[in-house]
Amino acid sequence: MTGFTIASFNVKNLIGPDKEYYEFQRYTPEEYAWKRDWMAEQMQSLNADVIGFQEIFEEEALRDVITATDAEGMAANAAAIPGSDKPYRKKAIFRKLAYTPYAGAALAFAPNLNDGPAGARRPGVAVLSRLGFEGTPEIIQDLPDPIRIPLQSLGGGDDAGHYTVKRLSRPILKVRIPVGGQVITLFNCHLKSKLGEYITPPGAEFAPEQDLVHYDPVGRAMGSLRAALRRMTEAWVLRRAIVDELKQGLPVMVLGDFNDGENAVSSEIITGEVPFKNYSWMLRHDARGPNDRYSHEENKIITEQVEAMRLHSAEKQFVRKSLRDMVYTSAFGGVYESIDQILMSRHFLPETPDSIGEMQYFSVLNDHLTDGSHAEAPYNKLASDHGQIMAHIVLGKGERR
């Protein structure tokens, strides 16, 4: 039997020092060093054979992190793993403790075609594989044939309108990984965020819906609708690619940041926004500098306006205590969710006729899970607002434990 591990890691804005990625957002050399070391610690803890990364602005910075990971991992080996002169060196605990370096591992990076100049950067995705790649990685973002989604007429005439997407907000990276005599197709994705899409009128500095002091709940809901349409379309594009692989009889794994829980899109539009925990942390809609944020008084005004327009689930109110035991992978605005996923085709279910193996364990690193709304999280932009998840897979039909 052959075992391997596969992980998903949303790193939250990896880019080198002194480079403005979003407006007024950059890392000092000291902050970049802190973030690189934090990522190296997380990767060392995961020690995964395959990692899918999201929010990578540049390949160079990721390679720097990988180098730091190997340096820390090999130092840990030297300190904790017995040498060949020790008779107890073969005990299983030391195999589990040992770090395997990524020297010689394959790295595929998919830059974002929507990337812009400083202050308007857009991140891509990457896959790191100790197992290498079979063939050339593929990037799905620009659509040769635009997706035109016609809306069905409901008796009001023939023209019910349509929705068209020509390019995905972020690339989907497709790689094939050889392992245990099998070739597994892996998709790494980062679907459209829940941040609303607002249209800036000609000649204006910003969209009216971005001015939270003059809160427009209907306009904000339209922004959520646009984002949801794009996210659902991107999910469909991914689904189409998945089905193409499955029809060829190929085992498939999908990982990444889906930016949505199951069946959550329409509910979110109906219920309205969940208020951000601390708007005084957020840059103003008309910011002129990195410290130009909403005031504490405006925070109260905005929160009240948002809360006044919200609906709440009776079911969630009833079961909220049990929800604390769930696995959360993301925190945004003080709300914890499970939006990072590792999905597998039925080839990895032991009871199916075309099974090639199974998942034996699922790991989660989410002890750090905070975001910028938490006053006690001074390094929120240096760590991540996502937990890391990892599946432990065994291939083969032999005895499994």
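The values are calculated or read from the model by the stated rules, or taken from the named source; none is laboratory data. Everything quoted here is computed from the prediction, not taken from an experiment. For neighbour counting, all protein chains shown are included, and Cβ atoms are generated from backbone atoms with ideal geometry for every residue, glycine included. Quick note on the areas: whole protein, heavy atoms, side chains included, nothing else; ligands and nucleic acids left out. Shrake-Rupley method; radii C 1.70, N 1.55, O 1.52, S 1.80 Å.
Annotations
- Gly3 long-range amide H proximity, modeled H, under 5 Å: Leu395
- Computed over neighbours whose Cβ is under 10 Å from that of Lys19, the net charge equals -1, Lys and Arg +1, Asp and Glu -1.
- Overall shape of the range 157-273 was characterised from the C-alpha gyration tensor. The equivalent ellipsoid obtained from it has semi-axes of 35, 16, 14 Å, in decreasing order.
- With respect to the chain, whose longest principal axis is taken over its alpha-carbon atoms, helix 217-247 is tilted by about 30°.
- Relative contact order (%) - criterion: Cα under 8 Å, at least six apart; region: the chain: 18 percent
- Gain on full extension, evaluated as 0.36 nm per residue between Glu298 and Ala204 minus their Cα-Cα distance, stands at 31.6 nm.
- Set Lys166/Lys247; Lys166/Lys381; Lys192/Lys277; Lys300/Lys381 screened for pairs whose C-alpha atoms are more than 29 Å apart: Lys166/Lys381
- Leu349 paired with Lys166, simple spin-label distance in nm, labels 7 Å along Cα-to-beta-carbon: 4.1 nm
- Ranked packing of 127-134, 110-117, most packed first, by mean Cβ within 10 Å: 127-134, 110-117
- Dmax and Rg, reported as Rg then Dmax, of the range 84-240 (C-alpha, Å): 23.0, 83
- Residue-level accessible surface for His392, protein heavy atoms, 1.4 Å, Å²: 50 Å²
- Computed from Cα atoms, the angle from the helix 59-80 axis to the main principal axis of the chain rounds to 40 degrees.
- Start at zero, step by 10 Å, and the Cα-Cα distances of the range 1-72 spread as 19, 52, 22, 6, 1, 0 percent across the bins.
- Amide H contacts of Gln182 (H built 1.01 Å from N, under 5 Å, at least 5 apart or other chain): none
- Per-residue ³J(HN,Hα) for the range 287-303, Karplus 6.51 cos²θ - 1.76 cosθ + 1.60, θ = phi - 60°, Hz, x for Gly and Pro: 4, 10, x, x, 9, 8, 10, 5, 6, 5, 5, 5, 4, 5, 5, 5, 4
- Taking the range 90-184 and dividing mean pair separation by its residue count, relative contact order in percent (alpha carbons under 8 Å, at least six apart): 29 percent
- For the chain, the solvent-accessible area works out to 52 Å² per residue, with a probe of 1.4 Å and every protein chain left in place.
- Result for the chain in a Gaussian network model with C-alpha springs under 10 Å: among Gly135, Gly161, Gly333, the largest mean-square fluctuation is at Gly161.
- For Tyr163, distant residues with modelled amide H under 5 Å away: Ile149, Leu151
- 0 to 90° range, to nearest 10: angle between helix 29-46 axis and the chain longest Cα axis: 50 degrees
- Gyration tensor verdict on the range 151-220 (Cα atoms; rounded if a/c is under 1.5, prolate if a/b is larger than b/c, oblate otherwise): oblate
- Look at where the Cα atoms of the range 29-84 and of the range 154-189 average out, and the two centres are 31 Å apart.
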